[in-house]
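This report refers to the structure that appears directly beneath it.
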Amino acid sequence: MPEAPKNTLKPSDYNLAEKNKRSLQFIEDVTSNSDEVQKRVLEEILSRNAHVEYLQRHGLNGQTNRETFKKVMPVITYDDIQTDINRIANGDASPILCSNPISEFLTSSGTSGGERKLMPTIEEELGRRSLLYSLLMPVMSQFVPGLEKGKGMYFLFIKSEAKTPGGLVARPVLTSYYKSTHFKDRPYDPYTNYTSPNETILCPDSYQSMYSQMLCGLCQHEEVLRVGAVFASGFIRAIRFLEKYWKFLANDIRTGMIDPQITDPSIRDAVMKILKPDAKLADFIEAECSKESWQGIITRLWPNTKYVDVIVTGTMSQYIPTLDYYSNGLPLVCTMYASSECYFGVNLNPICKPSEVSYTLIPTMAYFEFLPVHRNNGVINSVSRPKSLNEKEQQELVDLVDVKLDQEYELVVTTYAGLYRYRVGDVLRVVGFKNKAPQFSFICRKNVVLSIDSDKTDEVELQSAVKNAVNHLIPFDATLAEYTSYADTTTVPGHYVLFWELSLNGTTPVPPSVYEDCCLTMEESLNSVYRQGRVSDKSIGALEIKIVEPGTFDKLMDYAISLGASINQYKTPRCVKFAPIVELLNSRVVSSYTSPKCPKWVPGHKQWSKN
Ligand code: AMP
């Protein structure tokens, strides 16, 4: 198997060109020998874990070849391993899924039963994640030269973590990565030279973290060559933060003293190494930020920026117009595709348009299989959650090198950390090949109807939240005739909007406070990732219910039919995105209400809170 490039160089002997060449050669090698690499990855995973309970339970009996593996092992979803996961979470340290000790759980933004899914991981996976990261800049350097001469202004954050009853840490994958020595003690590399000192990233208080990162970014504004965050939504939140706090930030730069609200001593120390009194820079920031228009604010404040590095594929594409506005049309670059289960791949043509982004899966990361997706009238899946696959469907799975151009597949992974034939839930389309490795465009996450940040709400969750909320209307003899939803990203942060058409049969009108209760009940009913976004990350705004005139949903149907929908098969969409439809609904709103407060949320799973 090709060796992962190692980074052991010091600044003095740093040979960037050589390192880039090695990384690109690695990509060439693994994509040219994709099938061989995949075969060896599977053999390695299965031989190491030959004795784990899960593989024995299914009768694999230590076999490591692909054919037997595919014959014997079922294709699964989280529910199938939830009992095993719970045992590990409760402290069973025997080799259930993996022969290596489970080092921690990564809490996915995908949920099960309203709580984040727990993905077991092992120490060495950090190395695999670092490897994928190490490929990104060598790829980028082919398209944008000179990036080693300056810095990246990336807004990176950690989130809260919890302990499982058995004592394992449970936290999001990026929190785990930023807190690891792979990130904190990274060797000198001009490509991981960020404006944010580690201390500002590793602060659990999101206000202090954002403030100090923005301050450091402004102080070093001429050195910044690229800006970014993980997701587009996070980057837009940073700009909104600047809109709110630029006067304080400029004042700090004028005086050379950090605002007293930043109390974390390690942040203060780290920032004071960068912050120097600079009246000229403070004047410049004030002049730019007080202009009425914020169009192009990125290029105005950080004039040497060459691109914005954020994920704008999948649901994040809703933020492209806002990013274009703030960045004056700088390239929006999506570099990688990853998850808590596994880091998958990289974009080998990062300067392409967002609509043309494709990811090349790196065959050393895991063993990948692909389940063909059959669409029903263009719709991938209805309200149902994924069912177990029957034998025929199990046989339809194909290997990485056997996918067909233009076909859509659901991604299935077998990882070093102990997931076997696990359905990630993402739908990908093959759009090309790099040597023998397919390149995929990200189509969607199965079943997700609403998403603002990392939240993923499916139709079942939405339906049940609506059902709980309408109970408030019973005393008023009002019933919900129809509803749909919309992710409104014109506000920062964005928020969920529900359009409700009611049948009002009672004589007492429904008071506004009751509709507000409906909003809050809906929020309380949504999953923990949503509620964390509302409460802790403040990345999602208050849910809004808009009451529409009677007959609005008939008009919606008429419109859909005028666009070619079949009358017999028409079903009210439970989420709308198409601008003319949103406009139609908005034009018939009679009143609107928002949640008066945040829903409840605590770190960790509900059932752990007694610990
Ligand atoms: P999590 O497990 O919370 O880290 O979420 C991982 C999921 O985020 C993936 O399975 C995708 O659905 C989504 N995701 C990650 N990277 C991308 C990307 N580059 N484009 C679109 N969606 C992505």
Going fewest to most other Cβ atoms within 10 Å around each Cβ, Trp500, Trp294 line up as Trp294, Trp500
So if each residue of separation counts as 0.36 nm, and I subtract the Cα-Cα distance between Asp406 and Asp269, what length gain in nm does that give?
44.0 nm
Which order do peptides 214-220, 393-399, 130-136 fall in by mean Cβ count within 10 Å, highest first?
214-220, 130-136, 393-399
So how do 62-73, 102-113 stack up, highest first, on mean other-Cβ count within 10 Å?
102-113, 62-73
Across the range 569-574, in residue order, what do the Karplus-derived ³J(HN,Hα) couplings come to in whole Hz, using 6.51 cos²θ - 1.76 cosθ + 1.60 with θ = phi - 60° and x for Gly and Pro?
9, 5, 10, 4, x, 8
Using a 7 Å offset from the Cα along the Cα-to-Cβ direction at both Lys184 and Met257, what is the distance between the two label points in nm, to one decimal?
3.1 nm
Calculated from DSSP H runs of 4 or more alone, at -39500 (n - 2.57) each and per residue, what is the 222 nm mean residue ellipticity of the chain, nearest 500?
-10500 deg cm²/dmol
What are the ³J(HN,Hα) values, in whole Hz, obtained from phi via the Karplus relation 6.51 cos²θ - 1.76 cosθ + 1.60 with θ = phi - 60°, for each residue of the range 265-270 in sequence order, with x given for Gly and Pro?
x, 5, 5, 4, 4, 5
Pairs of alpha-carbon atoms within less than 8 angstrom and 6+ residues apart define the contacts here; what relative contact order does the range 359-448 have, in percent?
34 percent
Compute the distance in nm between two label points, each set 7 Å from the Cα along the Cα-to-Cβ direction, one at Glu223 and one at Glu115.
4.4 nm
Extent along principal axes [Cα atoms of the range 504-554; Å; largest to smallest]
41, 25, 15
Using the Karplus equation 6.51 cos²θ - 1.76 cosθ + 1.60 (θ = phi - 60°), what ³J(HN,Hα) coupling, rounded to whole Hz, does each residue of the range 49-59 give in order, writing x for Gly and Pro?
9, 3, 9, 6, 4, 4, 6, 5, 4, 8, x
Stokes-Einstein diffusion coefficient of the range 359-448, Kirkwood radius over Cα pairs, 4 °C, 1.567 mPa s, in µm²/s:
95 µm²/s
If each residue's Cβ is checked for other Cβ atoms within 10 Å, how do Ile262, Ile320 rank with the fewest at the top?
Ile320, Ile262
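Over the range 19-65, what number does the Rg to Rh ratio reach, with both radii from the alpha-carbon atoms and Rh per Kirkwood?
Over the Cα atoms of the range 19-65, Rg/Rh equals 1.23.
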For the chain, what is the Kirkwood hydrodynamic radius in Å, using each pair of distinct C-alpha atoms?
26.0 Å
If I model a spin label at Lys276 and Tyr559 as a point 7 Å from the Cα along the Cα→Cβ vector, what separation in nanometres do I get?
5.7 nm
Cross-link partners among lysines for Lys21, C-alpha distance below 22 Å, same-chain residues fewer than 8 apart left out?
Lys6, Lys10, Lys149, Lys151, Lys434, Lys436
Please compute, for the alpha-carbon atoms of the range 149-259, the extent along each of the three principal axes and give them in descending order in Å.
50, 31, 27
Taking K and R as +1 and D and E as -1, what net charge do the other residues with C-beta under 14 Å from the C-beta of Ile88 add up to?
-1
What translational diffusion coefficient, to the nearest whole µm²/s, does the range 503-611 have by Stokes-Einstein, given a Kirkwood radius computed over alpha-carbon pairs, a temperature of 37 °C and 0.692 mPa s viscosity?
197 µm²/s
Cα-based Kirkwood hydrodynamic radius, the range 276-368, one decimal, Å:
15.4 Å
Here the FRET efficiency for Val72 versus Asn15, based on Cβ atoms and R0 = 60 Å and rounded to 0.05, is 0.80
Assuming 0.36 nm per residue, please report the length gained on full extension of the stretch Asn390 to Cys598 beyond their Cα-Cα distance.
70.6 nm
Length gained if Leu480 through Val460 is fully extended, taking 0.36 nm per residue and subtracting the Cα-Cα distance, is 5.5 nm
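Quick one: Glu459, Glu391, Glu288, fewest Cβ neighbours within 10 Å first, how do they rank?
Glu391, Glu288, Glu459
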Given that compact globular proteins tend to follow 2.2 N^0.38 Å, what is the ratio of the alpha-carbon Rg of the range 281-321 to that value?
1.47
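FYI, it's all coordinate maths here, none of it is from the lab. On a predicted model such as this, the values are computed, not experimentally measured, just so you know. Note that we place each Cβ from the backbone using ideal geometry, even for glycine, and neighbour counts take in every protein chain shown.
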